[in-house]
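Colleague: Sending over a structure as structure tokens; questions will come in a sec.
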Amino acid sequence: MEKLKKVIYHAYKNASGFKKRLDDACISPGDIQTLKDLEKIPVLKKDRLPELQSADQPFGGFAAVKPNEMERIFMSPGPIYDPQTTGKDFWRFSEALKKAGFGEGDIVQNTFSYHLSPAGFMFDSALRELGATVIPAGTGNRELQIQIMKDVRVTGYVGTPSFFNLLLDSIEEKGWKIGNEIAVNKVFFTAEMLTEQMRKRCEDNGISVYEGYGTADCGCIAFEDKQGPGLRITDSAIVQICDPQTGSEVTDGEGEVVVTLFDKSYPLIRFGTGDLSRWVKGNEGKRIAGVLGRVCDGIKVKGMFVREKQLARVLNEAGFPVFQAVVTNEQGQDQIKIFIESEEGLNSELASKIQNVIRVKPILELTASGSIKKDEKKLVDKRNYELKRV
């Protein structure tokens, strides 16, 4: 509590956005004396960050240091600006990776993007903190990825399960074997749902599988440790499961994952991730059941959040106000198909314009006028995973 109080006082003094939230709620830092008192602080919803940051650029008044004092500044879809204010393991994922067996002697292929979004650097810094050698592979280029994997004798992989599934397909097409030409023996997945089918495919190849949960804003939140069901809450943050409407903690049933960081430079306090989860029965406050859904309109596709407002903006500007985007999972790969009502053809550059905004390549399809009802959602998730429930 003493550490938390110091962060709250510091944020109130140095982060105008946080001060305003407390002032608007008619509370002061001195009102927070226990963990239960955190409920007095209104939840800062992630989906409000684009609006708040736009009004007070670039961080909405929630950073306690100036932009030119930060090491890096990233831009996630939204847009949401994410700071990296210090070096080393800023996002605190080394705790999870160490539990997964990553460390000195490992050569790890990091397939998260190093471009604008923080995921690549997030895991790069955590792996370097553990003494591992990192290959900054980024996304795409399957042929190149498996060639590097073979030539350098890569021992570990971090990235999405769907991309590793594609790499396994390519490895099999080459006739290479895990344990012979390919030395990978451990993987750490995040940013996407991990199916039991994918887990089994890895384990059948002698590859140990761990998964984690985090966000670009909060870093590591929870991770698999093989010592109990679900995901273990990180030691480096306060995690609550709260009623999405009231912000009050819930001990039974689903609620929003709300995170408080002990970071004075970017003091996110009572930050609502928008993800739904619940405590594992008998492990309340210690283990969550993974991500069970979303509170708001953001849907994660290939590790990136896609929002209806983003799609509507770019399609309206292009002259196509009537559309519906449908997210599916085809053979382990997320896919977003956008059905567009138009009497004319589609501009050949439209798909690229949409991809520049949402960071995911869409499939565009013309549909007959009147086929999309006005009251239908413009962004629909039709994925149906076979999940292991805990």
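The values are calculated or read from the model by the stated rules, or taken from the named source; none is laboratory data. Since we're looking at a predicted model, the values are computed, not measured. Neighbour counts run over all protein chains shown; Cβ positions are idealised from the backbone, glycine included. Surface areas here come from the heavy atoms of the whole protein model, side chains and all, with no ligands, DNA or RNA. Shrake-Rupley method; radii C 1.70, N 1.55, O 1.52, S 1.80 Å.
Colleague: How many residues, within region 327-336, are surrounded by fewer than 17 Cβ atoms within 10 Å (Cβ to Cβ) and either in contact with a Leu (Cβ under 9 Å, 6 or more places away or on another chain) or on the phi > 0 side of the Ramachandran plot (or both)?
Modeller: The total comes to 2.
Colleague: What's the number of the only condition in (1) farther than 22 Å from PRO50 by Cβ; (2) at pLDDT 95 or above; (3) within 16 Å of the chain's Cα centre (by Cα) that VAL258 fails to meet?
Modeller: Going through (1) farther than 22 Å from PRO50 by Cβ; (2) at pLDDT 95 or above; (3) within 16 Å of the chain's Cα centre (by Cα) one by one, VAL258 breaks only (1).
Here is a yes/no grid of residues against (1) buried (at least 19 other Cβ atoms within 10 Å of the Cβ); (2) farther than 23 Å from ARG48 by Cβ; (3) touching a residue at least 60 places away in the same chain (Cβ under 8 Å):
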| site | (1), (2), (3) |
| --- | --- |
| GLU71 | no, yes, no |
| GLY78 | yes, no, yes |
| ASP89 | yes, yes, no |
| GLY101 | no, yes, yes |
| GLY105 | no, yes, no |
| PRO136 | no, yes, no |
| THR139 | no, yes, no |
| MET149 | yes, yes, no |
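Colleague: In addition: Does ILE238 count as outside any strand (DSSP E or B) and in contact (Cβ under 8 Å) with a residue 60 or more places away in the chain?
Modeller: No: the conditions fail for ILE238.
Colleague: Among (1) touching a Gly at 6+ places or on another chain (Cβ under 7 Å); (2) open to solvent by less than 50 Å² (accessible area, probe 1.4 Å), where does CYS296 come up short?
Modeller: Every listed condition holds for CYS296 apart from (2).
Colleague: Now a separate question. Can you pull out every residue in region 328-370 that is in a helix (DSSP H, G or I), closer than 20 Å to PHE163 by Cβ and without any contact (Cβ under 8 Å) to a residue 60 or more places away in the chain?
Modeller: GLN355, the sole residue that qualifies.
Colleague: Hey, another quick one. Keeping to region 53-63, report how many residues are loosely packed, with under 13 Cβ neighbours inside 10 Å and touching a strand residue (DSSP E or B) at 6+ places or on another chain (Cβ under 7 Å).
Modeller: So the answer is 0.
Yes/no per residue for (1) out of contact with any Phe, Trp or Tyr (no Cβ under 8 Å at 6 or more places or on another chain); (2) within 30 Å of GLU308 (Cα to Cα); (3) of a type in the set (Asp, Glu):
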| position | (1), (2), (3) |
| --- | --- |
| LYS36 | yes, no, no |
| LEU44 | no, yes, no |
| ASP47 | yes, yes, yes |
| ILE73 | no, yes, no |
| PRO79 | yes, yes, no |
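Colleague: Another question, then. Listed residues LYS66, LYS5; which is open to solvent by 60 Å² or more (accessible area, probe 1.4 Å) and at negative phi?
Modeller: LYS66 is the lone residue from the list that is open to solvent by 60 Å² or more (accessible area, probe 1.4 Å) and at negative phi.
Colleague: Another question, then. Please enumerate the residues belonging to region 276-300 that are in a strand (DSSP E or B) and either under 30 Å from LEU35 (Cα atoms) or modelled with pLDDT of 90 or more (or both).
Modeller: LEU276, SER277, TRP279, ARG287, ILE288, GLY293, ARG294
Colleague: A follow-up question, please. Tell me which of these THR86 doesn't satisfy, since it passes every other one: (1) among the β-branched types (Val, Ile, Thr); (2) farther than 24 Å from ARG313 by Cβ; (3) at pLDDT 95 or above.
Modeller: So the condition that THR86 fails would be (3).
Colleague: Give the residues of region 229-241 that are on the phi < 0 side of the Ramachandran plot and of a type outside the set (Lys, Arg), sorted by residue number.
Modeller: Residues satisfying the conditions are PRO229, LEU231, ILE233, THR234, ASP235, SER236, ALA237, ILE238, VAL239, GLN240, ILE241.
Colleague: Let me ask something else. Go through region 112-139 and give me each residue that's closer than 17 Å to LYS186 by Cα, within 18 Å of the chain's Cα centre (by Cα) and outside any helix (DSSP H, G or I).
Modeller: The answer is PHE112, and nothing else.
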